[in-house]
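Report on the structure given below.
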Amino acid sequence: MTPFTTLTAIAVPLDLVNVDTDQVVPARFLRMPRASGYENYLFRDLREANPDFVLDRPAYRGAKILVAADNFGCGSSRESAVWALAGFGLRAWIAPSFGDIFFENSFKNGVLAIVLPGDRVAAIRALLAAKPGTELTIDLPSQTVRLPDGAVEHFEVDPFRKECLLAGIDEIDLTLRYEKEIAAYEERQREDTPWLG
C-alpha cells in the first residue's frame with residue numbers, strides 16, 4: 001500500500017444520506033476478482049440515472065477526497081465498495097458517520113476515513129459545491145483537514161490505524177515484520193512439543 005501522510009487534492013461533495021454499499025457497487029457486479037476494475041462500476045446505477053452525477057463533472061475530475069453525508073457506506077459488508085472508490089482514485093473520505101464494516105474496510109485498504117461533526121461536514125460540502133474544483137489538505141500526522149479559507153478541522157484516528165496508514169502497511173504486512181521471530185517461536189515449539197507434530 002502507498003503510505004498516507006499529507007494529501008492536497010480536489011474534494012468532491014456527495015449530498016446523499018445513507019449511501020449503502022449496493023449503491024456504491026451494485027450487487028450484479030460482485031462476482032469479479034478485485035483486479036477486474038471495480039472502479040468501472042462505481043455508483044453505476046446513480047450515474048446512469050443522472051448524466052450530471054457529481055463524480056462525472058469536469059471540475060471534480062481527478063478528485064482524491066470524497067466528502068459525504070451521514071451513514072456513508074452502510075448496508076452489506078462489501079469490501080468491493082472500498083475497492084471501487086479507491087480504484088477511482090479516492091484516498092480519503094470525510095463524513096459525519098460511516099457504516100461500521102465499510103469504515104473498517106477503508107483502513108484495511110489504505111484509505112483514511114475521517115469522521116467530523118455533521119454541521120462541519122455539511123458546510124464543507126456546501127463550499128465544494130459552490131466552488132467546484134476546490135482542494136482540501138489532509139494532514140494525517142497532525143490529524144487535521146485544512147480548508148481553502150485557512151480554517152482547520154481536527155479529527156480523531158485510532159493510533160494503530162494511523163501507524164499502518166503512515167507506514168503504508170496492513171495487518172498482514174505488520175505481521176510479516178515479525179517473520180523471523182514467528183519462525184523462531186515455531187521452531188522452539190516443534191522442539192519443545194514434538195508430539196504436536
Evaluated over the chain, the Cα radius of gyration and Dmax, each in Å: 19.5, 70
No solvent, one uniform scatterer per C-alpha: report log10 I(q)/I(0) for the stretch 100-197 via the Debye equation at q = 0.10, 0.14, 0.18 1/Å, two decimals. -0.46, -0.69, -0.94
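Computed over the Cα atoms of the stretch 27-71, what is the convex hull's projected area averaged over all directions, in nm²?
Values: hull surface 17.7 nm².
Over all viewing directions, the stretch 27-71 projects a mean Cα-hull area of 4.4 nm².
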Given an 8 Å cut-off on Cα distances and at least 6 residues of separation, report the relative contact order of the stretch 1-61 as a percent. 37 percent
Note on the chain: helices (DSSP H) long enough, at least 20 Å by alpha carbon along their axis, and hydrophobic enough, mean Kyte-Doolittle at least 0.0, are none
So the label point goes 7 Å from the Cα of Ser77 along Cα→C-beta, right? Which residues of the stretch 36-65 then have their backbone N under 17 Å from it? none
Among the chymotrypsin sites (Phe, Trp or Tyr not before Pro) within the stretch 103-197, which fall in a DSSP loop and have no more than 14 other Cβ atoms within 10 Å of their own Cβ? Tyr178
On full extension of the chain, what length is gained from Asp119 through Ala184, given 0.36 nm per residue of separation minus the C-alpha to C-alpha distance? 18.1 nm
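Relative contact order (percent) for the chain, with alpha-carbon contacts under 8 angstrom and 6 or more residues of separation? Could you put the intermediate results ahead of the total?
Values: 344 pairs, mean separation 51.7, N = 197.
Worked out over the chain, it gives 26 percent.
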Inter-label distance, nm, simple model (7 Å from Cα along the C-beta direction), Met32/Thr8: 3.5 nm
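Read the figures in this text as sums done on the coordinates, not as results from a lab. Predicted model, so just to flag it, every value in this text is computed and none were measured. Counting neighbours? That spans all protein chains shown, and the Cβs are built from the backbone with ideal geometry, glycine included.
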